[in-house]
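Each remark here refers to the structure printed beneath this line.
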Amino acid sequence: ILIRDAQALEQFERIDVPVGQHYVPGASRRIEALHSGGVDIAAISRAAADALADDVRWQLFELGMHTYYSEHSLVVVTRKRSKRGQQKKRIGIDRSSPDHTELTYAEFPLDSEHEYIDCDFQYVPAAILEDRIDAAVWHHREMLVRLELMGLQARPLRRPEAQALRRRLSNAVLVCRADDKIVAALLAELDLDDVGARQKHFIAAVAEGNDGAAIGWIR
């Protein structure tokens, strides 16, 4: 089972189902794991679920608003001071993640000011420090060294299109194959309202301890 949420794991324990956890970055890779049979359940955003290919029938179980990303966890990271003047800005984009790809296009539309550079979204701060990119959307997380001490800064998403997309992305969805009747039946046994409520509370608690930038349950 591809899932990284203590609340959901407790629910599986309640119905006496053993669970193995795996972390795979990027919704596309998680869906590939479902396709191949490597995992039984994946956690993705509502927006990623909306984009699922229709060649496979999927069963979706929603957890509600702010159970995947919190309101302030998606930010744009840049240097405090630009080193490139008026040159075209190099924008990091992780095409393995539908969420990151859509957010990048929404916040940094392709025009004369932007060019896209492939970059794993997990390593956005490092890519900026290595001068491979100038800015990118990033999922804020706790770090040993604060961004400010690295000469970087985080700002909120600015464009209305990106803000609207962020709201769509905030919902977490558990996905399984519709033809996997056993797994679908197990998911139907979970108290998803409880999972969603406790996950939302967890994200809010993390936000309070991290300068308003919460860490979502899966990236």
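With protein chains left intact and a 1.4 Å probe, residues in region 24-69 average 44 Å² of accessible area per residue. Among the trypsin sites (Lys or Arg not before Pro) in region 30-117, those located in a DSSP loop and surrounded by at most 12 other Cβ atoms within 10 Å of their own Cβ are 57, 80, 81, 83, 84, 88.
Equivalent-ellipsoid semi-axes for region 126-209 (Cα gyration tensor, √(5λ), whole Å, largest first): 34, 17, 15.
Taking only protein heavy atoms and a 1.4 Å probe, the accessible area of region 100-201 is 53% carbon and sulfur. Probing with 1.4 Å while keeping every protein chain in the model, the per residue accessible area of region 117-158 equals 54 Å². Estimated from the Cβ-Cβ distance and a Förster radius of 30 angstrom, the FRET efficiency linking residue 143 and residue 35 is about 0.35. Bridging of residue 80 to lysines at a Cα separation below 28 Å is possible for 88, 89, once same-chain residues fewer than 8 apart are set aside.
Would region 60-194 count as rounded, prolate or oblate if I go by the C-alpha gyration tensor, calling it rounded below 1.5 in a/c and otherwise prolate when a/b exceeds b/c, oblate otherwise? Prolate, since a/c reaches 1.5 and a/b exceeds b/c. Here residue 88 and residue 126 are evaluated by their C-beta separation; at R0 = 22 Å the FRET efficiency comes out at 0.55.
The values are calculated or read from the model by the stated rules, or taken from the named source; none is laboratory data. Here the structure is a predicted model, which is why all the values come from computation and not from measurement. So basically every Cβ, Gly included, is an ideal-geometry build from the backbone, and we count neighbours across all protein chains shown. Ligands, DNA and RNA are stripped out before the accessible areas are found, and what is left, the full protein with its side chains, is counted by its heavy atoms. Shrake-Rupley method; radii C 1.70, N 1.55, O 1.52, S 1.80 Å.
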